[in-house]
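Report on the following structure.
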Amino acid sequence: MKKMLALALAMAPGPTESQESKKTVRVVTTLNVFRHVAEKIGGGRVSAAALAHPKRDPHYLQADPVMQKTAGGADLFIQNGRSLDLWANDVVQHSGNVRIQTSHGRLTASHECSVLEMPRQISKEWGDIHPEGNPHVWLDPLNLKQIARNTHGALCAVDPAGRATYDENLKLFGREIDEAMFGKELVEEYGGEFLWRKIRLGKLDDALQEDGAAGKLGGWMRKARALKGVKVLSYHKTYAYFAERFGFHLVAELEEKPGIAPPPKHLEDLLDLVKREDVRIILNDVFYPTDAANYVASKTGAKVLVVPIDVGGVEGVNSYVALIEYILDRMVSSLQ
Amino acid sequence: MHLILAFFLCQQDEIEQLKKRVAALEEEIKKSKGQEDEKLKKKVKKLEEDLENTQIELNKLKEKGIEKPSALNLLNPAITVFLNGAARVDSQTVMAGAGAEAAKIDDRMFLRSAEVDFRAAVDPYVDAVLIVALEQEPNQEFGVEVEEGYGVIKRLPVLESAPWGLRIKAGRYRAPLGFSNLLHMHDLPWSTRPQAVVEYLGSESGSSFFEAGYAALGSGILLRPPIFGEAPSSLDLEFHVVRAGQIRIGDESDNDQPAFLGRVGFFTKFADHHTLSAGVSGYFERGNLFAGLLGLEVLYAYKPPGVWNSIVVGGELFFVRREALVEEKDVDTMETVEKERARTPIGGYLFAQYQVSWHVYAGARYDYVQSRQDDDVETHVLAGYVSYYTSEYFRIRAGLEHRWSDVETEDGDTTLLVELNFVFGSHPPEPWWVYR
């Protein structure tokens, strides 16, 4: 019986070349930023949907039947991993979709990304820690480029006929990020690879000074000069990658421990720290209440900035470039 | 153990190689720098590029070195432990259990259950779940049982891609009769089971204070027909063949017969942060006697982002038809004979819960149930609860229940309850009634 079925399937006509060239790959992602990247790399060959609402905390979503249904139609499922979106496992398991259960139909976007805050000791005593390191990797544009490469690899595996499209779009998207990061002029002169290499070793400023090109620095890096060394408080450990990349210093979190809402005593203790360190900004993710941040701000003069961490988290922030711009602009203008 | 050692030796070796390469490049650059020759200048630039790339590789490897692979337990199931304890203070004596097992449960504390939950992928085709519970019974003794133990075939060996998301479930599992029956005690938003679930689905103790509900032994198919297209709505269908006689309205002696149960569930999201689910479920067994149940369920939730205030409102209603042998006097012969009589009791509950803050949830529930043996015997329960989350792993609840009942021993009882839930081990899915 099995042999007959296999024979019948083998003899059935496969897709023609024109059908392959028109194929739409259905991508389902946990976060909106991954949907955005999939669309950038996939272009017209991809239709993508994100399961998490960008204004909801991605740690604590529940795998409802609509999410499972949506994943049921996916050719490729993309999640962050690093224990951020554990609910994705429930979605996939109950989707009834074998394409995303095994093999190349499922991608962990944070694979090969540079990871910060890897815990040396793992215990729930420390709160709801992430045992695989801080998972908010996409807030570093360098990691976002790695995510784009991972997405490219996954799309090529699922849709080999689209490789040429994906290769071209990866190049274009990479260039878009490079120019947003360093400014068009500098990227044209030095190339993105050179600039990223220098920045990864902390040698960008020196290299540009040596070449007399410091004045040509544009993009986010130019804006971020105003943030260098600025002391910042955040609600949750969301901005470690953002801070590392753009040079400001995260002194503490409003949460006493990850996943534990700020108790009153902890807020009182923070007031001394905030005054002592001259903390200027409190970053509050858009899905966290602002009571604790407003309280600390009222006693210290720090400015509370409610910011999105995902594409679509605020109206008008419809791309990754817009997301990073939005956060940087809010931070820089709050210092003026 | 050999795997970890091998991994580290390889990594250390690679790190050492890269360190040597960095040193060699730095030396070569030192020698070549300062030369005016254009060719040498280019060589220096290339060497510097190589050096930087090697340094970046080295940093990355050092970073990876911290990500120690836990090869020893990579293939172990995810294990979560749930401890549920409760204490009660009553206004009168309360008995639970039947016959020789009957015992007083008022004014006492119980470790109601210690559950160990194992979950893992068996292979690319099957996931498995095993939940073992140690439960303290009314007479203070502990019993051990397999709460649930089942496999879900998610990928069919012959048909690689299943129609309508077909999955097959087999084993022992909490039956999809309503939504509260699917939940274990530690995941309920209340400290006691709804009376209708206890009365019609199952309870060893006969009390809503201890674990209750119906776990079926059998197999079923789960389908999700694509009738809503891209709309944020879904329809779930389930049909199961199970062993009869294990549900409370059934007949124990029929356990060599099949019974059938099914559920149609509808779920939708609307206006961004609202969800509504509704379902119809049914159970049927026909052995020596007939037993059937029709369940209606509805659940609405609203969770706006950026504030920790959510609302959940819902309820379930069960219609039962069961035949029982009743002793009656025959009017002709005046002899006492056993006759089949059908009972059609109904029961259900309504509840509402409001999330006051990140930590605190407050709710109320009203139960109404007719006895499965005599529909003229009614019980009403009104309860209020406050739950406090320190985190998702430790929950404290206080509740107050009052009971009005045609059962004399139960009527007028007021119970104060305090419940603790501890969760440790692997990160479990959050209970559905918690919104963050």
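The values are calculated or read from the model by the stated rules, or taken from the named source; none is laboratory data. These numbers were taken from a predicted model, which means no experiment stands behind them. Every residue, glycine among them, receives a Cβ derived from its backbone with ideal geometry; neighbour counts consider all protein chains shown.
Brief remarks follow.
- All positions within the range B:1-15 that are exposed (fewer than 11 other Cβ atoms within 10 Å of the Cβ) and either touching an Asp or Glu at 6+ places or on another chain (Cβ under 8 Å) or modelled with pLDDT of 75 or more (or both): B:13
- Qualifying residue in the range B:265-281 (condition: of a type in the set (Lys, Arg), within 29 Å of residue B:366 (Cα to Cα) and outside any loop (DSSP other than H, G, I, E, B)): yes
- All of B:379, B:409 fail the test of being touching a residue at least 12 places away in the same chain (Cβ under 8 Å) and either part of a strand (DSSP E or B) or within 14 Å of chain A (Cβ to nearest Cβ) (or both), apart from B:379.
- Test: residue in the range B:314-330 that is surrounded by fewer than 21 Cβ atoms within 10 Å (Cβ to Cβ) and assigned to a loop (DSSP other than H, G, I, E, B): yes
- Residue pairs meeting the criteria (Cβ under 8 Å; at least 6 apart or on separate chains; first within 11 Å of another protein chain (Cβ to nearest Cβ), in the range A:201-212; second assigned to a helix (DSSP H, G or I) and of a type in the set (A, V, I, L, M, F, W, C)): A:201/B:56
- Identity of the residue in the range B:312-359, touching a strand residue (DSSP E or B) at 6+ places or on another chain (Cβ under 9 Å) and of a type in the set (Ser, Thr, Tyr), that ends up nearest to residue B:193 (Cα to Cα): B:349
- Tally, over the range B:353-371, of residues that are away from every other protein chain (no Cβ under 14 Å), farther than 15 Å from residue B:301 by Cβ and among the aromatic types (Phe, Trp, Tyr): 2
- Options B:120, B:133, B:170: the member that is outside any loop (DSSP other than H, G, I, E, B), farther than 25 Å from residue B:283 by Cβ and of a type in the set (Gly, Ala, Ser): B:120
- Checked against (1) in the same structural domain as residue A:246 (by TED's automatic domain parsing); (2) part of a helix (DSSP H, G or I), residue A:232 passes all but a single condition, namely (2).
- Being of a type in the set (S, T, N, Q) and more than 23 Å from the chain's Cα centre (by Cα) is a description that applies to residue A:102.
- Among (1) at pLDDT below 90; (2) more than 29 Å from residue B:348 (Cα to Cα) - the single one residue B:204 does not satisfy: (2)
- If you filter the range B:121-139 down to residues that are among the acidic types (Asp, Glu) and in contact (Cβ under 8 Å) with a residue 60 or more places away in the chain, you find that the one that is surrounded by the most Cβ atoms within 10 Å (Cβ to Cβ) is B:135.
- For the range A:39-84, a residue qualifies if it is part of a helix (DSSP H, G or I), facing chain B (nearest Cβ under 9 Å) and more than 21 Å from the chain's Cα centre (by Cα), and the qualifying residues are A:65, A:66, A:68, A:69, A:70, A:72.
- Scope the range B:108-120; condition within 17 Å of residue A:90 (Cα to Cα) and surrounded by fewer than 17 Cβ atoms within 10 Å (Cβ to Cβ); matching residues: B:120
- Residue among B:191, B:208 that is more than 14 Å from the chain's Cα centre (by Cα) and over 20 Å from residue B:373 (Cα atoms): B:191
- Applying a threshold of 9 Å to beta carbon distances and a minimum spacing of six or more residues, or different chains, the list of pairs starting in the range A:305-331 at a residue that is within 14 Å of residue A:35 (Cβ to Cβ) and ending at one that is modelled with pLDDT under 95 and of a type in the set (Lys, Arg) reads A:310/A:55; A:312/A:55; A:313/A:55.
- Scoring residue A:247 on the criteria (1) surrounded by 22 or more Cβ atoms within 10 Å (Cβ to Cβ); (2) under 23 Å from residue A:113 (Cα atoms) leaves a single failure, condition (1).
- Checklist (1) in contact (Cβ under 8 Å) with a residue 40 or more places away in the chain; (2) assigned to a loop (DSSP other than H, G, I, E, B); (3) within 14 Å of chain B (Cβ to nearest Cβ) applied to residue A:244, failing item: (2)
- Residues that are at pLDDT 95 or above and either touching a Cys at 6+ places or on another chain (Cβ under 9 Å) or within 14 Å of chain B (Cβ to nearest Cβ) (or both) are absent from the range A:2-22.
- Candidates B:315, B:363, filtered to the one that is at pLDDT 95 or above and either within 30 Å of residue A:263 (Cα to Cα) or more than 28 Å from the chain's Cα centre (by Cα) (or both): B:363
- The range B:321-361: number of residues that are free of Cβ contacts under 8 Å to residues at least 24 places away in the same chain and either under 30 Å from residue B:309 (Cβ atoms) or not hydrophobic (A, V, I, L, M, F, W, C) (or both): 11
- Condition check for residue B:217: part of a strand (DSSP E or B) and in contact with a helix residue (DSSP H, G or I) (Cβ under 9 Å, 6 or more places away or on another chain): no
- Number of residues in the range A:96-115 that are crowded, with 18+ Cβ neighbours inside 10 Å and facing chain B (nearest Cβ under 9 Å): the value is 7.
- Output for the range B:125-163, where each listed residue is farther than 19 Å from residue B:186 by Cβ, more than 10 Å from chain A (Cβ to nearest Cβ) and charged (D, E, K, R): B:141
- Restricting the range A:286-304 to residues that are within 19 Å of residue A:56 (Cβ to Cβ) and touching a strand residue (DSSP E or B) at 6+ places or on another chain (Cβ under 6 Å), the residue that is farthest from the other protein chains (Cβ to nearest Cβ) is A:293.
- Flag if residue A:187 is β-branched (Val, Ile, Thr) and without any contact (Cβ under 8 Å) to a residue 60 or more places away in the chain: yes
- Some residue of the range B:225-241 being surrounded by fewer than 17 Cβ atoms within 10 Å (Cβ to Cβ), modelled with pLDDT of 95 or more and more than 21 Å from residue B:268 (Cα to Cα): yes
- When residues of the range B:222-240 are limited to those that are among the charged types (D, E, K, R) and more than 12 Å from residue A:65 (Cα to Cα), the one farthest from the other protein chains (Cβ to nearest Cβ): B:238
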